[in-house]
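Some notes on the structure that comes next.
The values are calculated or read from the model by the stated rules, or taken from the named source; none is laboratory data. Keep in mind that this is a model prediction, so the values were computed, not measured. Note that we place each Cβ from the backbone using ideal geometry, even for glycine, and neighbour counts take in every protein chain shown.
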């Protein structure tokens, strides 16, 4: 039997090429199991995260239903496992939930440093063209799941240094995977992250 190519190596080759093809990347990721997909995307290197963000610009629309599937119970969190391009503390989660009586989606960050930085609550909504999702840390949800930390703003203490003035722009990669870039007060900070939604 012919050995199947390692999907991690295949994705690396696609992203390291001179002109990455988003269609082939999406097809690869959509064809994997959740465990395989998670392993592959969480192994991406910093430069590959930037390349992935750039290559999927305008590829496919990312909607709120990609973050929290239609029919989800309000305040029921959906986990997205992430890796960022920072030199330390690269693993984290963004957990999203549908807000009651609202079209928007709320969420927070969960990571090993949350005890210091705070949960980093945010509200996510489509951009003006309806093609990408903007995660706005200056806008707070009015409610959160009962077991979560208390909602607090990102304008004070250590939270201000991490999340103050921050927005993330999310783009669709595949059915379960999105790629984001962070900005502070409208200016790029050259920081990227990938998210893989739980199955």
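Overview of values
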{"quantity": "Qualifying residue in the stretch 29-37 (condition: farther than 18 Å from residue 135 by Cβ, touching a helix residue (DSSP H, G or I) at 6+ places or on another chain (Cβ under 9 Å) and not in a helix (DSSP H, G or I))", "calculated": "yes"}
{"quantity": "Filter result for residue 14 (under 21 Å from residue 167 (Cα atoms), assigned to a helix (DSSP H, G or I), in contact with a helix residue (DSSP H, G or I) (Cβ under 7 Å, 6 or more places away or on another chain) and touching a residue at least 12 places away in the same chain (Cβ under 8 Å))", "calculated": "no"}
{"quantity": "Residue satisfying all of: in the stretch 126-145; touching a residue at least 40 places away in the same chain (Cβ under 8 Å) and part of a strand (DSSP E or B); nearest to residue 84 (Cα to Cα) among these", "calculated": "135"}
{"quantity": "Tabulated pairs, the stretch 83-95, first loosely packed, with under 13 Cβ neighbours inside 10 Å, second assigned to a strand (DSSP E or B), C-beta under 9 angstrom, 6+ apart or interchain", "calculated": "91/81; 91/82; 91/83; 91/84"}
{"quantity": "Per-region count, the stretch 163-199, residues in a strand (DSSP E or B) and either surrounded by 14 or more Cβ atoms within 10 Å (Cβ to Cβ) or in contact with a strand residue (DSSP E or B) (Cβ under 6 Å, 6 or more places away or on another chain) (or both)", "calculated": "23"}
{"quantity": "The stretch 82-125 - residue that is touching a helix residue (DSSP H, G or I) at 6+ places or on another chain (Cβ under 6 Å) and assigned to a strand (DSSP E or B) and, of those, nearest to residue 35 (Cα to Cα)", "calculated": "96"}
{"quantity": "Failed condition for residue 117, given (1) modelled with pLDDT under 90; (2) surrounded by 18 or more Cβ atoms within 10 Å (Cβ to Cβ); (3) under 18 Å from residue 78 (Cα atoms)", "calculated": "(3)"}
{"quantity": "Residue check, residue 128 within 28 Å of residue 55 (Cα to Cα) and exposed (fewer than 13 other Cβ atoms within 10 Å of the Cβ)", "calculated": "yes"}
{"quantity": "Hits in the stretch 16-30 (condition: out of contact with any strand residue (DSSP E or B) (no Cβ under 6 Å at 6 or more places or on another chain) and closer than 11 Å to residue 176 by Cα)", "calculated": "26, 30"}
{"quantity": "Only listed residue being assigned to a helix (DSSP H, G or I) and either under 18 Å from residue 170 (Cβ atoms) or without any contact (Cβ under 8 Å) to a residue 24 or more places away in the chain (or both), chosen from 70, 54", "calculated": "54"}
